[in-house]
Amino acid sequence: MKMILLWSLCSMWSPQDPQPDTDVLLDEVTRLQAMSLQRIAAPVDRTNRYNDVPAAIELGSLLFEDTGLSGDGKTSCATCHVPERDLVDGKTHPRGVNSIPRDTPTLHDISGQRWLGWDGRWDSLWMQALGPIEAIHEMRGDRLAVLRYLATNESLAKRYQQIFGALPGLKSLPDRAFRAGVATDPWLALEADRRREINRVFSNVGKAIAAYERTLRGPITPFDSYLDALSSDDVEMASLYPDAARRGLQLFLGKAKCIVCHSGPLLSDGEFHDTGILTSGQRARDAGRYGGIQELQANPFRSSGEFSDDRSGSAARRTDQLRRDAALWGAFRTPSLRHLAGTSPYFHDGSVKDLRSVVRFYSMRQGARPPGAGHSHQGETLLATIRLNRQEEDDLVEFLNSLSVPGSRQEQQEEGGSQPSGGL
Amino acid sequence: MIQHIDADQDGNSDGPGCLILILVLISLLLGLVLLFFIAGCQGTATPALPTGQGWKTIASGDGTYQVLLHLPDPAPLNQEFTASGWVLKGGEPISDDAVVHFDGGMPQHAHGLAVPVVTTRRPDGGFEAQGVRFHMGGRWLLTVDVEEGPHLERARTWVEIR
């Protein structure tokens, strides 16, 4: 009798044998929450009127893979956003004068983002496309070099001029506009109109690349298929979604509260939070959104700037109304969770290699800065220890894996990130 | 004997009754004009203040103002909308010179709106704030500050975003 009782108790408490949930379509409340994560079409971006111009998309696809835009002639957008690897390179890249590491984000469904970059220093996709071209740790290019490259490449020049009109002449142009991020004297000595027409060409390059990047929609994932099943009450189709992933989804929406920040079609609120990640081995502090706002508002290619095609629209208004709030120090953009499995490493600094470690970070808060010890989100109560058990961690990881097409996970395990696991 | 009958006599068969009628009509007309004049002298008529779905009525901290605040119902998650409304003082809309400032935040998460909004006064005496966006689900604390010269008062209410 004692043995039977013991066996019964063990059965009840075994973390490996969760109670089966027969309702594959979920209860009504959970189902509605889940369906808020449905995919949607790319939002309209009026700051780039070339977004839907086929010739611009075609030119953008060529420029995306063209190493001629870089300073050393060896790097292109596709060098870090590798098409065959979920549009990431599995690495982090140093940023700014302090060489602080930043993870390469995927470009899948990138057009849905309100702000671009971990610190939101760009407010449109075309503005973002220009950043890495001139970044000292990335392509090391220069807008004058880009103009020369376009003008002297017959095929590209023809395509460009068909879309944007004539290219300006190259006569009496200085070598570079910027050196190590600082404007050169010869560039500043140019007449304002001359600088403006060169900046116009540079912005058009960004607009062509952005037009192409808007077409980079991620593939349909098991989770998308499950959402379709929920929408159509298709029990048979819903039952194809793994039980563990469904339990993980319920945790995501409920106990783990992931949905509070990872909401909507991109599973991201698109805004900035300090999650208490401590980047190991870094002396310099990453200012995150606090610095990002400064960069954004000083950039002539912002949505409210003269090269935008909609200087008074909602995107421009948002940028102009941003304030540098001290509480935004160290806050980073909530990343989209779509196509997650193949986009290791994780977090803004790429300090975590695998999804289980990500889940554990939020579950146990191991290695996280204590609440209230940072510069921002003092008093935050959301990021408390939730202590998921092993089974719950497995389920949540299974759900996160279902946000990618099968095979991405394998890729992640084989090739992994380049950074050691930090902060855990 | 030939009787001369005046044409007038024939035409004024109602006699003084017609004159009285004309006088009455003129009096009525003058009365109406006077009524419109008096009504006009009393300034702008109080607009019909809406109530119902999406409207919240909030009293300010010291009870000077009554804020009628309108949000979409339900207020959307992570999508921009316009918050609008009226501020009343003694049942009348506040003067055009008064400043109204709308704001929102999540005290539990120690943050406000991701993008601050600008509140403007409308020509009809109301106020509106464009581009309000509740980027996270949960309880948001909404604030409407009213500033009339040196006098500042605050009205607050909660809204649950799902």
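Below are the figures for this structure:
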quantity: Difference of contour (0.36 nm per residue) and Cα-Cα distance, A:Leu278 to A:Arg194; calculated: 25.7 nm
quantity: The range A:198-271, Cα convex hull volume normalised per residue, Å³; calculated: 119
quantity: Non-local Lys pairs in chain A, i.e. 8 or more apart or on different chains, that have alpha carbons under 28 Å apart; calculated: 12
quantity: Between 0 and 90°, nearest 10: helix A:2-13 axis offset from chain A longest Cα axis; calculated: 20
quantity: log10 of Debye I(q)/I(0), alpha-carbon scatterers only, for the range A:167-213 at 0.20, 0.33 Å⁻¹; calculated: -0.73, -1.20
quantity: Chain A - percent relative contact order, Cα under 8 Å, separation 6 or more; calculated: 22
quantity: Computed Kirkwood radius, in angstrom, where 1/r is averaged over Cα pairs of the range B:55-161; calculated: 13.9
quantity: Per-residue ³J(HN,Hα) for the range B:109-115, Karplus 6.51 cos²θ - 1.76 cosθ + 1.60, θ = phi - 60°, Hz, x for Gly and Pro; calculated: 10, 6, 8, x, 5, 5, 10
quantity: In Å, descending, principal axis extents of the Cα set of the range A:54-213; calculated: 42, 39, 29
quantity: Rounded FRET efficiency, nearest 0.05, which uses the C-beta distance separating B:Glu80 from B:Ala59 and R0 of 41 Å; calculated: 0.90
quantity: Per residue Cα convex hull volume in Å³ - calculated over chain A; calculated: 162
quantity: Net charge, A:Asp394 excluded, C-beta distance under 10 Å - Lys, Arg +1, Asp, Glu -1; calculated: -1
quantity: q = 0.14, 0.19, 0.20, 0.25 Å⁻¹: log10 I(q)/I(0) that the Debye formula gives for the range B:47-113, counting C-alpha atoms only; calculated: -0.52, -0.90, -0.97, -1.25
quantity: Choice from A:Glu58, A:Glu213, A:Glu154 showing the highest fluctuation, given a GNM over chain A with Cα pairs closer than 10 Å; calculated: A:Glu154
quantity: Relative contact order for the range A:54-213, counting Cα pairs under 8 Å that sit 6 or more residues apart, in percent; calculated: 31
quantity: Residue with peak Gaussian network fluctuation, chain A [Cα springs, cutoff 10 Å], from A:Asp310, A:Asp354, A:Asp23; calculated: A:Asp23
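Every read-out reported here was derived from the displayed coordinates using simple, explicitly stated rules and does not represent laboratory data. Keep in mind it's a predicted model, so treat the numbers as computed, not measured. With ideal geometry, Cβ positions are generated from the backbone for all residues, glycine too; neighbour counts draw on all protein chains shown.
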